[in-house]
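The values are calculated or read from the model by the stated rules, or taken from the named source; none is laboratory data. Bear in mind that the values here come from a model prediction, so they are computed numbers and not experimental data. Glycine also receives a Cβ, built like all others from the backbone with ideal geometry; neighbour counts cover every protein chain displayed.
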Amino acid sequence: ERNRDIKVFIKDKLHHRDEAKVSVFDSSVQGGDAVWEGLRVYPEGVVCLDKHLTRLHESAKTLAFVDIPSKKAIKEAIQKTLDANGMNDEVHIRLTLTRGEKITSGMDPRVNQNGSCLIVLAEWKPLVYDNSSGIKVISTSQRRNAPQFLDSKIHHANLLNNILAKIQANVAGKDAGLMLDERGFVAELNGSNIFMVKEGVIYTPYAHACLPGITRGTVIELCKENNIPIEEADLTLSQLYNADGVFATGTMGELTPIIEIDGRAILDKNELQQKIRSLFKNNIKGYCEKLT
Ligand code: PMP
């Protein structure tokens, strides 16, 4: 397996994967207290790199991390990791920034006195769902966090409610779990955003209770540039069941058609959805940014 001997960057050094470890005193082990980004690497560069680094910085600032590495330092760490592994294509990077090591166990951020800890884990990975003609999803009883509980704009590593939704999908034998917000409107899938097509218009939920995904932003931008009507809206399950097309977006899966929701077949024959998929495929390399 190609990933067997990869090297992983932790704090300031590269380690063979077997030696790539964080302390049991790290905030991520004790409280899921970390922020993260998933990055896609092509020979042309990293897709929407600056937007990912900005989101990482904003999440870390919201959580009051200290000693947050600069964008320049993070880019250098990524470059070092890719160089050490001889990687430049078909690579997925899991970038994690933990609050850092604690001096004793506990939740209080003041027991973290060593500054934040950057982890760059680069692996060869194909796009998820790349070979599938579409995915099947179910709506779950797990509600997506709304701002009054834990702001979904923070891209934190406390993924337990998404994991519970994914478990419900697994038990049902489906590919992903759909999460509603606390009002019962559609929020997103457990690891990607959602769009629907209806009568020539593209809709996606407001980013109130979903991650404002970077791929979601790219799709909105591409629609606007190509005069395709796009609207943010409160969407119900019934609207999704009866859409002309539904698709998921995310860095790791790019655009994936959803062909079934709660046992209802969803159409994937409409021209608009095909058009957006090809616009995305033809333009994604234009969103790549060099590290240096
Ligand atoms: N929603 C959730 C819950 C996610 O974890 C992700 C992936 N980070 C996304 C949506 C997609 O976001 P992006 O397009 O920025 O990868």
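For this structure, a couple of remarks:
- Residue match in the range 22-33 (condition: assigned by TED's automatic domain parsing to the domain that holds residue 117 and farther than 30 Å from residue 108 by Cβ): no
- Restricted to the range 1-91, the set of helices (runs of 4 or more DSSP H) holding at least 1 residues that are closer than 22 Å to residue 151 by Cβ and among the small types (Gly, Ala, Ser) comprises 27-31, 49-62.
- Which listed residue, of 112, 85, is surrounded by 14 or more Cβ atoms within 10 Å (Cβ to Cβ) and either within 16 Å of the ligand (Cβ to nearest atom) or modelled with pLDDT of 95 or more (or both): 85
- Among (1) in contact with a Pro (Cβ under 9 Å, 6 or more places away or on another chain); (2) at pLDDT 95 or above - the single one residue 192 does not satisfy: (1)
- Just one of the listed residues (163, 167, 202) is within 11 Å of the ligand (Cβ to nearest atom) and not in a loop (DSSP other than H, G, I, E, B), and it is 163.
- The strands (runs of 3 or more DSSP E) falling completely within the range 209-292 that include 2 or more residues that are surrounded by fewer than 20 Cβ atoms within 10 Å (Cβ to Cβ) map to 230-233, 254-261.
- Neighbours by Cβ (under 6 Å, 6+ apart or cross-chain): first from the range 44-70, of a type in the set (Lys, Arg); second at pLDDT 95 or above and not in a loop (DSSP other than H, G, I, E, B): 51/214
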